[in-house]
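I have placed the structure first, in the form of structure tokens, so that the comments after it can refer back to it.
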Amino acid sequence: MKVLVPVKRVVDYNVKVRVKTDKTGIETSGVKMSMNPFDEIAVEEAVRLKEKGVATEIVAISMGVPQCAETIRTALAMGADRGILVETDVDLQPLAVAKLLKAIADEEKPGLIILGKQAIDDDMSATGPMLAALLGWSQGTFASKLAVEGDVITVTREVDGGLETVALNLPSIITTDLRLNEPRYASLPNIMKARKKTIDNKKPADLGVDPTPRLTIVRVDEPPKRKAGQMVKSVAELVSKLRTEAKVI
Amino acid sequence: MAVLVLLEFDASGIKQPSRSAVAAAVALGEVHALVAGVDLGAAAAAAAKVAGVSKVLTAESPALDHLLAEPAAALLVALAPTYTHILAATTAVGKNVLPRVAALLDVQPISDISGVIDADTFVRPIYAGNGMATVKSSDAKKVITVRAASFDPVAAEGGSASIEPVSLGDLPGISKFISAELSKSERPELTAARVVISGGRGMQNGDNFALLDPIADKLGAAVGASRAAVDAGFVPNEFQVGQTGKIVAPELYIAVGISGAIQHLAGMKDSKVIVAINKDEEAPIFQVADYGLVADLFTALPELAAELERS
């Protein structure tokens, strides 16, 4: 079974992001970029499926500026077999990404597509279910455990208040939650090997998709600042202030 | 045309996040509510009483039990033609079902809104709440999930909506519910609690989370955790407060042994009053705290429990 893993290039999760002074967005120039952490978990899960003999080939896909090729290289170093880069300078929103991925899935005919549950930049948490919808496939979102048996994948999902287990007909879409696995670090020999793996370049037009955004960003503001607080010296003082000043207990 | 809200319910009625979604919907037009699943009598009656709802649609089918995304999305798409907006709360269900609905309608969903400007324009947090984006949709129909912490829920009582069953078309059978393992707790749900007390990596292990219990009991609080505590295996993921966990905005949030990573702050910084207890006075959590106490949590927590007990 072939597995596709879309990977997004995002501002590294350790970076303290800043709103641009002209309020058009978040400052991304000169900022460290990395693979979206949930997508790393997706790559790791695909590699583990290959190690178990369930997956036969892993294709890593990224979309956007040419530097997204670096994100694909990271996936290749972790164990993906080849890459596809859809190059565009359009601001891609989940609907466009899902349409581009559907077009690639129609060509590649995978049995499983594993995505991160959300990207840590736009926090949309939408692409996985949208891709499942366009393909007419089942979906197992927020997965913390999965097992493939024949034509069915059993997925344990992290839901509000606990876990839910579902059985899904393959082909299927999985989105990863934090506890699905711990992604490996790529070893130096694997990083070297990844340089020789191929990355195909495509454009949205090659895939017959109009990527024009449907949402216009009117502006981006700083979140409201909290007023400066005060330090208390003892637990007794804390409780007293919560009672008489804040009046919350 | 009206707006449609997908409601979630349990034995005790319509869930609070869904009533927050209704609060957002009221700003957009006449509100119809959908309850789907099996044995809907009590849920439909509860939905009809929710303030601001004028009509309740019931979709009764075993296929819709547990609101699996594939059949639930098909149902919403069938109902979509007469609605301008389709909403649900940003919950595990909302995040699973609504993007699927949006794609089937060829619409870009607007996830996790924290404000309504007009029928096309909404505010939503990006980058873990480090930016508040105002976005305008060019789609004819809007598919929206609502950040419950940003909208005061409408009252559970007071409405008197009509109840109307909907006719069900074919629902896809490509997924099957197997089991649910829900944590048993006497405590309120994290996203609905008036008080939340959370532990971080400073708790050192899962057993020490018991130190939070007497305080939570006394305050009627829900217990949460930072991602660091979840990653370290101290507590299960459903405890997680943060960008990748639950977003909470209680009256009182008490952060214990939590340093205040960006991704944790994203989940709790809209709380009305924040208390931080940490032995590291440089911890970033103190920058958002209304009351900070530099102390060893292993002495401070028993003291706090005793102090609360005293009165």
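The values are calculated or read from the model by the stated rules, or taken from the named source; none is laboratory data. Keep in mind the model is a prediction, meaning the values are calculated, not measured. Counting neighbours? That spans all protein chains shown, and the Cβs are built from the backbone with ideal geometry, glycine included.
Could we say that residue B:106 is more than 7 Å from every other protein chain (Cβ to nearest Cβ) and surrounded by fewer than 24 Cβ atoms within 10 Å (Cβ to Cβ) here? Considered against the rule, which asks whether it is more than 7 Å from every other protein chain (Cβ to nearest Cβ) and surrounded by fewer than 24 Cβ atoms within 10 Å (Cβ to Cβ), residue B:106 comes out as yes.
Meeting the requirement of 3 or more residues that are away from chain B (no Cβ under 11 Å), the strands (runs of 3 or more DSSP E) wholly within the stretch A:131-249 are A:138-149, A:199-202. Residue A:147: free of Cβ contacts under 8 Å to residues at least 24 places away in the same chain and farther than 20 Å from residue B:112 by Cβ, yes or no? Taking the combined requirement at face value, the residue satisfies it. Summed over the stretch B:113-132, the residues that are under 16 Å from the mean Cα position of the chain (by Cα) and in contact (Cβ under 8 Å) with a residue 40 or more places away in the chain give a count of 4. If you go through the stretch A:89-103 and keep only what is within 24 Å of residue A:50 (Cα to Cα) and surrounded by 24 or more Cβ atoms within 10 Å (Cβ to Cβ), you end up with just A:101.
Exactly one residue out of B:69, B:25 is touching a residue at least 12 places away in the same chain (Cβ under 8 Å) and within 30 Å of residue A:156 (Cα to Cα), and it is B:69.
The residue list B:134, B:82 contains one member that is over 26 Å from residue A:211 (Cβ atoms) and surrounded by fewer than 24 Cβ atoms within 10 Å (Cβ to Cβ), which is B:82. How many residues, within the stretch B:160-170, are of a type outside the set (Val, Ile, Thr) and at pLDDT 95 or above? Residues meeting the conditions: 5. Taken together, the criteria place residue B:167 among residues that are free of Cβ contacts under 8 Å to residues at least 12 places away in the same chain, more than 30 Å from residue A:243 (Cβ to Cβ) and not in a helix (DSSP H, G or I).
Condition first: of a type in the set (Val, Ile, Thr), buried (at least 23 other Cβ atoms within 10 Å of the Cβ) and at pLDDT below 95. Now tell me which residues in the stretch B:231-263 satisfy that. The answer is B:244, B:247, B:248.
Restricting the search to helices (runs of 4 or more DSSP H) fully inside the stretch B:201-311 and requiring at least 2 residues that are in contact with a Lys or Arg (Cβ under 8 Å, 6 or more places away or on another chain) gives B:227-231, B:262-268, B:297-310. Of all residues in the stretch A:102-114, none are among the β-branched types (Val, Ile, Thr), in contact with a Leu (Cβ under 6 Å, 6 or more places away or on another chain) and either in a loop (DSSP other than H, G, I, E, B) or under 18 Å from residue A:184 (Cα atoms) (or both).
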